[in-house]
Structure formats: C-alpha cells, structure tokens
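The values are calculated or read from the model by the stated rules, or taken from the named source; none is laboratory data. Since we're looking at a predicted model, the values are computed, not measured. In this analysis, Cβ positions are derived from the backbone assuming ideal geometry, glycine residues included, and neighbour counts consider all displayed protein chains. Heavy atoms of the whole protein, side chains included, go into the accessibility calculation; ligands, DNA and RNA do not. Shrake-Rupley method; radii C 1.70, N 1.55, O 1.52, S 1.80 Å.
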Amino acid sequence: MPQSNLHLKKVFCDAFRQLDRGGKQFQPDVAGIEVKFYPYAGLHHTIRVRAGRIFVRLSDLFQTAPPEVIRALAFLLVARLLSRKAPRDQERIYRSYAFSPQLLRASDIARRQRGRKVISSANGEIYDLERIFAKLNRRYFGGEIEKPVLTWSRRRARSILGHHDAAHDTITISKILDSREVPEWFVEYIVFHEMLHIKHPARIVNGRRYYHTNAFRAEEQSFPRYQHAQEWLDHVVRKRQELRARAA
Ligand SMILES: [Zn+2]
C-alpha cells in the first residue's frame, strides 16, 4: 500500500529530529517539507532546501516499498543533506531493498522506457556534486550558502565548465569534468567559483551587469590551489583548441 503523504512527511521530520539533534541546521515540521514520488529514469532520489523549505523527490519505484525501507531512505537522504554519515543499519535496510533483483529489474525497465531524457543529476560517474558542494560550503562559507539545484550538464561542453543560473537557482557543471582524468580539486575549484556567484550577486553599473566584481575576484584567489587551477583552465582550453583543429 502506498503511504499517505502526511505519513511520509512525518517520517522525514522524524529523521531530521534524530540526525540533527541540536536542531542547528533544520528542524522542519510537516508544513515545511514536501515529499513527492517522481518518475526518474532509474533509481534516484533528491533532497534540497529552498527558502527554508525541504523538498524531497523519491523514485516512484519506491511507491510500494515497505515502511521500514522508506524510513531508511529518509535517514539516508537527510544525512546527505546534513553532510552526516547515515546510520549503518538504515543504509543496510535501504540497500537490501534497492539492490534486490526485483527492484533492479524494475529500475532497468524504467531506465529503458524513460530513457535519459528528463533528469540529469548531481551524482556523476566519478564525482558527486552534492558532496563537493557540502564540503566547500562547510570549509569556505561556514555553511551559509543555500544549496541550489546542482547538476552535471547533459552535454560534454568544453566551452563552459560551470554556470550559475540565478533565475533558476541552478549550478550546472560540464560533464567533461566528471572524469578520472580531472583531479577532484579542479572540480572543486569550478564549483567554488559558481558558489561565489551566489555569494556575490551581479552588480549593475550604468546598465551593465558585472558578475566578477573585485570582491568576487579577491575571494576567488583565496582558493588554496587558485594558481594551479588557472593552469588547468589553460590546459582544458588548449585541449578544446586541439579538438577543434582536429575537427577542422
Ligand atoms: Zn564566473
């Protein structure tokens, strides 16, 4: 039996209460949280905060999951949001259901039918943007940056490695960086740059929009491997030119 929405919300509130004991980060009540099932291609769930409210989307493959599995999933997602380690027993309950032959088959079918079309997610093949964001937020921003939608680009664009879209509250990172050949600190630098765009909104001077203000640049240079990152940027750009020359 699918669980009622109110019940789902309560399960998440409970996970917050247990994992965020001091209530330092979030302590939502059922009104401050939205939980929906979503027809993702394959097994995928998301949790994010927007304007102080929690938004959860669960794979609709979990619509008929037993209550203890939903509860375990709630713990995993809330732990992810809080950058905490999920309780081990919850992790085990979730995995034994998510990786059961029956669910894997359902997830395969969903992937085939729904294709790649709609969703690209934050969790790439090599790097997880949610994890990188959480780490940077903690280390450089005192956890003050409100999490936007984080996603890998669907195409492997070389020209734009990262982009912050203020209107849609989204940071998109080029899939070209989701590669073993790219060091993690470089991906972090690109995400860091985009996070600075959230911290330092564009300034409008004489009708022109300035994105990289002096304050932005100064803070950007505080990134420990800033110089090294600039060399890597050159390296990536050079590769792009080589590719273009080859294509010409
Ligand atoms: Zn920029």
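Please count how many residues of segment 220-235 are more than 12 Å from the ligand (Cβ to nearest atom) and closer than 19 Å to Arg139 by Cβ. Give the steps one after another, and end with the answer.
Initially, segment 220-235 is screened for residues more than 12 Å from the ligand (Cβ to nearest atom), giving 221-232, 234-235.
Narrowing further to those that are closer than 19 Å to Arg139 by Cβ: 221-229.
Residues that pass the stated criteria total 9.
For segment 119-127, does any single residue satisfy the condition of being in a helix (DSSP H, G or I), in contact with a helix residue (DSSP H, G or I) (Cβ under 8 Å, 6 or more places away or on another chain) and surrounded by 20 or more Cβ atoms within 10 Å (Cβ to Cβ)?
Quick first cut of segment 119-127, residues in a helix (DSSP H, G or I) only: none.
No: segment 119-127 contains no residue that is in a helix (DSSP H, G or I), in contact with a helix residue (DSSP H, G or I) (Cβ under 8 Å, 6 or more places away or on another chain) and surrounded by 20 or more Cβ atoms within 10 Å (Cβ to Cβ).
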Hits in segment 43-63 - residues which are more than 13 Å from Ile33 (Cβ to Cβ) and either touching a Cys at 6+ places or on another chain (Cβ under 6 Å) or among the hydrophobic types (A, V, I, L, M, F, W, C) (or both): Leu43, Leu61, Phe62
Lone qualifier among Pro87, Pro66, Pro148 - being over 21 Å from Lys36 (Cβ atoms) and open to solvent by less than 70 Å² (accessible area, probe 1.4 Å): Pro87
Residue satisfying condition, being in contact with a His (Cβ under 6 Å, 6 or more places away or on another chain) and closer than 20 Å to Tyr127 by Cα, within set Ile190, Ile176, Ile171: Ile171
Residues being within 16 Å of the ligand (Cβ to nearest atom), touching a residue at least 12 places away in the same chain (Cβ under 8 Å) and not in a loop (DSSP other than H, G, I, E, B) - total across segment 151-188: 11
Selection within segment 162-186 - touching a strand residue (DSSP E or B) at 6+ places or on another chain (Cβ under 7 Å) and among the aliphatic types (A, V, I, L, M): Ile171, Ile173
